[in-house]
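First the structure, in the form of structure tokens, and then the observations on it.
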Amino acid sequence: MGLEQRTLSVPALVVMIIAASAPLTVVAGGVTTNYAVTGMDSVPLSFVILGIILLIFSIGYTAMSQHIPNAGAFYAYIAGGLGQAAGVGAAMVAVVSYNLMQIGIYGLFGFAAASFASALLGSTIPWWVMALVAWILVGVLGMNRVDFSVKILGFVVALEFLVVIIYDAMTFAVAPEAPEFSAAFNAGDAIAPGMGAVMAFSIAAFMGFESGTIYNEEVKDPKRTARSATLIAVTIIAVFYAFSAWAVAVGEGQGNVAAASAEFGPDLIFVFLGAHAPGWFVDIANLLFITSLFAALLAFHNVVARYFYSMGRGGALPKFLAKTSRRTHAPVAGSQAQSLLALLVIVVFAAVSAGKDPIFIVFTMFTWMTNSAAFGLVLLMALTSFAVCGYFARNRTADSLLTRVIAPIAAGLALSFVFVQIVINFDVLIGLEEPGALPYILQAIVIVPGILGFLLSWWVRKIRNKSAQSKIHETTLN
């Protein structure tokens, strides 16, 4: 039995994509960290530039979903454009990267939820207790109908947007300095030294935007839904994050935003709200920060489950992973496999973090795993861009030259640049103060499974070809 057919509309898919992006988490954590580490004013501009790059990427990427409606997305598209062995290698990188992203978020969720609950109850609650509560809920929802998850995510995302919009409006109302549009959106900064590091940080805010095509077997219109939803979601994310990043600078003062971000980190917007909003609103904002993380956990869990399903069906992973529920049509085996992996990692980090400061789990489990995931996913996006060219070069379609060649090549080159910046700045992204082996270990965790998958697939294909040639030769002799 396959996945549930034709239930997701464009608005529903937009919600799924934006939920993976976790708007409140990005503004509170990602934007402030970017200002603190890079010290550059052009953080808002980076979202505009990346939004344009990803829109160009989406032209060819979503066109592929019309020709290859497969829940494997990167796996299926790279296989179609660069060959089966490359596709299997990409599949392994994708599975590892999405799992790293989803499981890493449990660290920040556990920390934030435990801090909030401990403050309310007046007693200390370990981060892993709250992480396990989320793990149970995500596991249950992951085995239900996908449109049921959409209803929950839609409610959470709407509230997230509302809180951030209120925050943005307040920053302009109480701005200590006159807002400087030119400082935040100076086009000349696009080629300024340090902009690469800013983009390396900002690209993580978009991770999950590509997940729209993964649901292409479950959308109402495979020809249009995924494409429309992806383009809409990328546009909303880019504009919303660019404006909100500017609002953070406006609220603190352009000259003070880097120092304030370094001092307060992800708490910066809550400190601001605490000074200018009622206490109950600050509590709601903190609670929504936690639900924002939960929404991302659920969204990425659904993505991983469908990757396992697609790879099990295609033979890249064991066949049992392609099992779906007769009642909900959800990829239950993939969902259970992802939940098991998450549980193992949570248990390991719970043991490692015992007796340490609670923030330890944020600097390790969350930071290491999510940035490693971004490293892998940006690499896959660059490869997919070139795979799009390969696919259309071998298959005659009615797609335009822009879709078949121009957009994929432009996106591939741009994303390759961003990937190089991630590699160059990886020690900074994971918070490493001194050079060490950790960056190479984390990158190897992402890359090595892909290399092994490629080599194994290539070797198996070579053996099969030799076997087929031998049989032909024997038949000819007989």
- Where labels lie 7 Å past Cα in the beta-carbon direction, separation of Leu287 and Phe417 in nm: 4.5
- Query: For the stretch 220-290, what D do you get in µm² per second when you plug the Kirkwood radius from alpha-carbon pairs into Stokes-Einstein at 20 °C and 1.002 mPa s?
  - Reply: 148
- Against the longest alpha carbon principal axis of the chain, how many degrees, from 0 to 90 and to the nearest 10, is the axis of helix 438-477 turned? 10
- Query: So, with +1 on the Cβ of K and R and -1 on the Cβ of D and E, and no other charges, what is the size of the charge dipole of the chain about its Cα centre, to the nearest 20 debye?
  - Reply: 2700
- Which distance in nm do the two modelled labels at Ala158 and Ala187 give, with both placed 7 Å along the Cα-to-Cβ direction? 3.9
- Query: Tilt of helix 146-173 relative to the longest C-alpha principal axis of the chain, in degrees (0 to 90, nearest 10)?
  - Reply: 40
- Message: Could you work out the relative contact order of the chain? I mean the mean sequence separation of Cα pairs under 8 Å and 6+ apart, divided by the number of residues, in percent.
- Response: 34
- Proximal lysines to Lys462, defined as alpha-carbon separation beneath 23 angstrom and excluding residues fewer than eight positions away on the same chain: Lys319, Lys471
- Binning every alpha carbon pair distance of the stretch 296-412 at 10 Å from zero, what are the percents per bin? 12, 26, 29, 24, 8, 2, 0
- Query: Points 7 angstrom from Cα along the Cβ direction at Asn256 and Glu180: gap in nanometres?
  - Reply: 1.5
- Rounded tilt (10° steps) of 43-67 against the dominant C-alpha axis of the chain: 20
- Message: Counting C-alpha atoms alone, how compact is the stretch 124-283: give Rg to one decimal and Dmax as a whole number, in angstrom.
- Response: 19.2, 51
- Task: Figure the gain on full extension for Ala444 and Val239 (residue separation times 0.36 nm, minus the Cα-Cα span) and round it to one decimal in nm.
- Result: 70.4 nm
- Message: Going Cα to Cα from Lys323, which aspartates and glutamates come in below 17 Å? Please leave out same-chain ones fewer than 8 positions away.
- Response: Glu4, Glu217, Glu218
- Summarise the accessible area of the chain (1.4 Å probe, protein heavy atoms) by the percent that is carbon and sulfur. 68
- Net +/- balance of residues flanking Ser228 in space, Cβ distance below 14 Å, scoring K and R +1, D and E -1: +3
- Rounded FRET efficiency, nearest 0.05, which uses the C-beta distance separating Arg396 from Asp267 and R0 of 51 Å: 0.35
- Please report, largest first and rounded to whole Å, the three semi-axes of the ellipsoid equivalent to the chain, where each semi-axis is the square root of five times an eigenvalue of the C-alpha gyration tensor. 38, 25, 22
- Task: Taking only protein heavy atoms into account and a 1.4 Å probe, give the accessible area per residue of the chain in Å².
- Result: 40
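The values are calculated or read from the model by the stated rules, or taken from the named source; none is laboratory data. Small disclaimer: the values here were computed from a predicted structure and weren't measured. Heads up, the Cβs are rebuilt from the backbone with ideal geometry, glycines too, and the neighbour counts pull from every protein chain shown. Note: areas computed on protein heavy atoms with side chains; ligands, DNA, RNA excluded. Shrake-Rupley method; radii C 1.70, N 1.55, O 1.52, S 1.80 Å.
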